[in-house]
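See below for the structure under consideration.
What follows draws every value from the coordinates through simple rules; no lab data is involved. Everything numeric in this text was worked out from a predicted model, so none of it was measured.
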Amino acid sequence: MSESPSEPITKEAELRDALRKVVDPELGMNVIELGLVREIEIGTDKANLIVIMTTPFCPYAPMMIEQIRAMAEETLQVPTTIAFGAELWDPSMMEEGAGGDWGLF
């Protein structure tokens, strides 16, 4: 992602880019493509993220939550908390074009 000097990369954009390395092992897609990161709040001394899983009973949820937290802390250099959102995931939350491989869109 190339930004011009007049459009600096924001911390949120940098974090979203870094979180593309966190992949749902069952689906083979990253948490940003899937739309699992619902809210990002970045302060000067901490960050808070709200995430959801593709299913409430996702067997990989603990691993993925820890990967998201670790990647956020590494990228932002501040302690980060992760909370589960109340929304139920559906394919419309995916990035535009991300569901094409599934034949969904």
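Counting DSSP beta bridges with both partners in the stretch 11-85, what percentage is antiparallel, nearest 5? Mind dumping the intermediate values first?
Details: 7 of 12 bridges.
Here the share of antiparallel DSSP bridges comes out near 60 percent.
The stretch 11-85: D in µm²/s via Stokes-Einstein (Kirkwood Rh, Cα pairs, 20 °C, 1.002 mPa s)?
Values: Rh = 12.2 Å.
The diffusion coefficient I find is 176 µm²/s.
What does the extension gain come out to for E74 and E26, with contour length at 0.36 nm per residue minus their alpha carbon separation?
In short, 14.8 nm is gained.
Could you calculate the contour length gain from I9 to D90, that is, 0.36 nm times the residue separation minus the distance between their Cα atoms, to one decimal place in nm?
On the way: separation 81, 0.36 × 81 = 29.16 nm, distance 2.91 nm.
Answer, rounded to one decimal: 26.3 nm.
How far, in nm, would the chain grow between Q67 and T44 when pulled straight, counting 0.36 nm per residue and subtracting the alpha carbon separation? Don't skip to the answer; put the middle values down first.
On the way: separation 23, 0.36 × 23 = 8.28 nm, distance 2.15 nm.
Contour length minus Cα-Cα distance gives 6.1 nm.
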